[in-house]
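Since the structure comes first, as structure tokens, the remarks are kept for the end.
The values are calculated or read from the model by the stated rules, or taken from the named source; none is laboratory data. Because the structure is a prediction, the values reported are computed rather than measured. So basically every Cβ, Gly included, is an ideal-geometry build from the backbone, and we count neighbours across all protein chains shown.
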Amino acid sequence: MTHNVIQEQIAYYSARSSEYDEWFYRLGRYDRGKEINQRWFDEVAVVKSALSQIGEVEHILEHILELACGTGIWTQELLNISKKITALDASQEVIEINRRKLDAAKVEYRQVDLFSWEPDAEYDLVFFSFWLSHVPPKLVDSFLAKVYQSVRTGGQVFIIDSRFDPTSTAKNHILKNDGGIYIKRKLNDDQEFTIVKIFYQPEELCEKLRKVGFVADVNVTDNYFIYAKGIK
Ligand SMILES: C[S@@+](CC[C@H](N)C(=O)[O-])C[C@H]1O[C@@H](n2cnc3c(N)ncnc32)[C@H](O)[C@@H]1O
């Protein structure tokens, strides 16, 4: 199942690439009305502020590695705090959208499946958003060990992911908090995919980061997001 779900996740995000941003900007099936949408955007602002502080403390970072970069929603934030970004994703469709949107010479893209990725450099910051929740539980520790290997001594990791909240997803997605690791996701044309989705508790994520060697600090926003910082 693991191999199949890994391929299905790549196929899902490739097929979803042109409609992906509707989720983040609360459009179409993700539009939950003014009040709930505003709650989402306010919490996004909290996370963006925490991320921008990394840049302020360390000044402009030399080189960031972004894993599962997607369509560039967070890559564009990383542009503000770094001189260079290496952005990896398994989906060429997604990478092309990111490249077109940002049109930034300082971003270098690589099409890489993170389950066969081998770290080959050390970065000031390794960043990934809404990716860890799609890593099958039995592969999480080895993935985080590779992340640790990719951070230079004194460098950092920054992770953003989802908290369990039924209004975070599309109106026609059913989100169950039943401890299962698979969920079904639909596209606008009703095509359906099965993917992994894990909702981490702060203590659990903190413990995992500490176990691989980071000095870690994990926070949540009121409803939607969990975000973690770790120093090597
Ligand atoms: C939920 S999206 C997050 C994208 C982006 N980080 C963001 O916050 O908008 C998950 C991303 O993981 C990518 N992905 C899925 N499976 C992958 C794999 N095995 N290796 C690398 N990237 C993968 C997808 O193409 C997609 O861009």
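Details
- Residue check for Glu93: of a type in the set (D, E, K, R), in contact (Cβ under 8 Å) with a residue 24 or more places away in the chain and within 10 Å of the ligand (Cβ to nearest atom): yes
- Options Lys171, Lys176: the member that is surrounded by fewer than 15 Cβ atoms within 10 Å (Cβ to Cβ), touching a helix residue (DSSP H, G or I) at 6+ places or on another chain (Cβ under 7 Å) and part of a loop (DSSP other than H, G, I, E, B): Lys171
- Flag if Leu65 is within 16 Å of the ligand (Cβ to nearest atom), touching a helix residue (DSSP H, G or I) at 6+ places or on another chain (Cβ under 8 Å) and either at pLDDT 95 or above or not aliphatic (A, V, I, L, M) (or both): no
- Looking across region 203-222 at every residue that is in contact (Cβ under 8 Å) with a residue 60 or more places away in the chain and over 17 Å from the mean Cα position of the chain (by Cα), the one that is nearest to Ile160 (Cα to Cα) is identified as Asp222.
- Helices (runs of 4 or more DSSP H) within region 1-116 that include 3 or more residues surrounded by 14 or more Cβ atoms within 10 Å (Cβ to Cβ) and aliphatic (A, V, I, L, M): 2-16, 34-58, 92-102
- Looking across region 1-42, just one residue is among the small types (Gly, Ala, Ser), away from the ligand (no atom under 11 Å from the Cβ) and under 12 Å from Val94 (Cβ atoms), and that is Ser18.
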